[in-house]
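Asks: Before I ask anything, here is the structure I am working with.
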Amino acid sequence: MMMQERIYKSAAGAILFDAAVSPQVGPDWFVPDYWRRQGALRTQAGGRGGVAVIATQAGECVLRHYRRGGMVAAWMGDRYLWTGSKRTRPFAEFRLLGEIARLGLPGPVAVAARYVRHGLFYSADLITRRIADAQTLAECLAAGQLDGELAEKVGALVARFHRAGIWHADLNAHNVLVTPDGLYLIDFDRGRLRKPATAWRQANLQRLRRSLLKLGAAGHGEAVFEKDIWQPLLGRYGRTLTP
């Protein structure tokens, strides 16, 4: 189904949504308390970006609030410099997810995005369809489920996105979802389409490698990780990237 973009503007900001997924999306959709009052708030987690699982008319969705990380978070929090609606984090991610869907790649289905103006700054939220029965690759690693076979599937997944020119700004084990039906990439904040190039593709892979090692993938030694996990991943990556 092709995305049908609609924009609802107000004095405070704007909402961009896919009318093919939900014909109407209002400001209340981005307020966790609204869903809590209806008994439709499934879970809510803290962390860098507040995330809530909500039961909407469009199905079960994930509501994510954009929040800065690192040292800048101490003084900017959830505020971003306003440089125009098309360049806001949620609108850019929403449209990239639309392109990912058009290409038939396994990513989240965009439902709606919102920004709220605060003078020279804005805050933002994104709603996507929840991917059911999913574990993160980090959770699979912690449970001892990351083996050569799963590593190959991860390599094929990353290669499909790279072949399409889609760069993930934070490719790590928390942003790879494993489901009974296949693997998905999530969280495309700051991601974008790029011209094919070895440099950015390799940098992406090395970011994923560092994430796996940081989470303990080399628990039996880095040489074992290299042989049993990383080389199978790279091998399948290469075969998928240039079939």
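Rule-based calculations on the coordinates, nothing more; no lab input. What you are looking at is a predicted structure, and each value in this text was computed from that prediction instead of being measured. Heads up, the Cβs are rebuilt from the backbone with ideal geometry, glycines too, and the neighbour counts pull from every protein chain shown.
Asks: For the chain, modelled as a GNM with alpha-carbon contacts under 10 angstrom, which of GLY107, GLY144, GLY50 fluctuates the most?
Replies: GLY144
Asks: Name the long-range amide H neighbours of HIS118: under 5 Å, sequence gap of 5 or more, or other chain; modelled H, no Pro or chain starts.
Replies: SER123
Asks: Here's a follow-up. For the chain, what does -39500 (n - 2.57) per DSSP helix run (n ≥ 4), summed and divided by total residues, give at 222 nm, in deg cm²/dmol to the nearest 500?
Replies: Details: 8 runs with 78 residues, N = 243.
One gets -9500 deg cm²/dmol as the mean residue ellipticity at 222 nm.
Asks: Please arrange ARG190, ARG114 by how many other C-beta atoms lie within 10 Å of their C-beta, fewest to most.
Replies: Values: ARG190 13, ARG114 30.
The most exposed by this proxy come first: ARG190, ARG114.
Asks: Using Cα positions and a limit of under 28 Å, work out the lysines in reach of LYS86, with same-chain residues fewer than 8 apart set aside.
Replies: By straight Cα distance, LYS86 reaches LYS9, LYS195.
Asks: In whole angstrom, and with the biggest value first, how far do the Cα coordinates of the chain range along each principal axis?
Replies: That gives 57, 40, 38 Å along the principal axes, largest extent first.
Asks: Please list, in chain and number order, the residues 5+ apart from THR136 or on another chain whose amide H is under 5 Å from its amide H, with Hs placed from the backbone.
Replies: It is VAL178, by chain and number.
Asks: Quantify how much of the Cα-Cα distance distribution of the range 63-195 extends past 22 Å, in percent.
Replies: Values: 3652 of 8778 pairs.
The answer is 42 percent, as a whole percent.
Asks: Based on Cα coordinates alone, diagonalise the gyration tensor for the range 5-129, multiply each eigenvalue by 5, take square roots, and list the semi-axes in whole Å, largest first. Numbers along the way, then the final one.
Replies: Values: eigenvalues 90, 65, 46 Å².
Result for the range 5-129: semi-axes of 21, 18, 15 Å.
Asks: For a quick check: with amide H placed at 1.01 Å from N, whose amide H comes under 5 Å from THR56's, ignoring anything fewer than 5 positions away on the same chain?
Replies: Those qualifying (amide H under 5 Å, at least 5 residues apart or on another chain) are CYS61.
Asks: Which distance in nm do the two modelled labels at ARG117 and ALA132 give, with both placed 7 Å along the Cα-to-Cβ direction?
Replies: 4.1
Asks: Pop the C-beta distance of ARG190 and THR242 into the FRET formula with R0 = 22 Å and round what comes out to the nearest 0.05. Intermediate results must be reported in sequence, preceding the final value.
Replies: On the way: r = 27 Å, r/R0 = 1.22.
Efficiency at R0 = 22 Å is approximately 0.25.
Asks: Please compute, for the alpha-carbon atoms of the range 135-241, the extent along each of the three principal axes and give them in descending order in Å.
Replies: 38, 25, 24
Asks: Just need the relative contact order of the chain here, percent rounded to a whole number, with Cα pairs under 8 Å and 6+ apart. Don't skip to the answer; put the middle values down first.
Replies: Working: 397 pairs, mean separation 41.2, N = 243.
Contact order relative to length: 17 percent.
Asks: Further question on the same structure: Where does helix 231-241 land angle-wise versus the long Cα axis of the chain, in degrees 0 to 90, nearest 10?
Replies: Orientation of helix 231-241: about 60 degrees from the principal axis.
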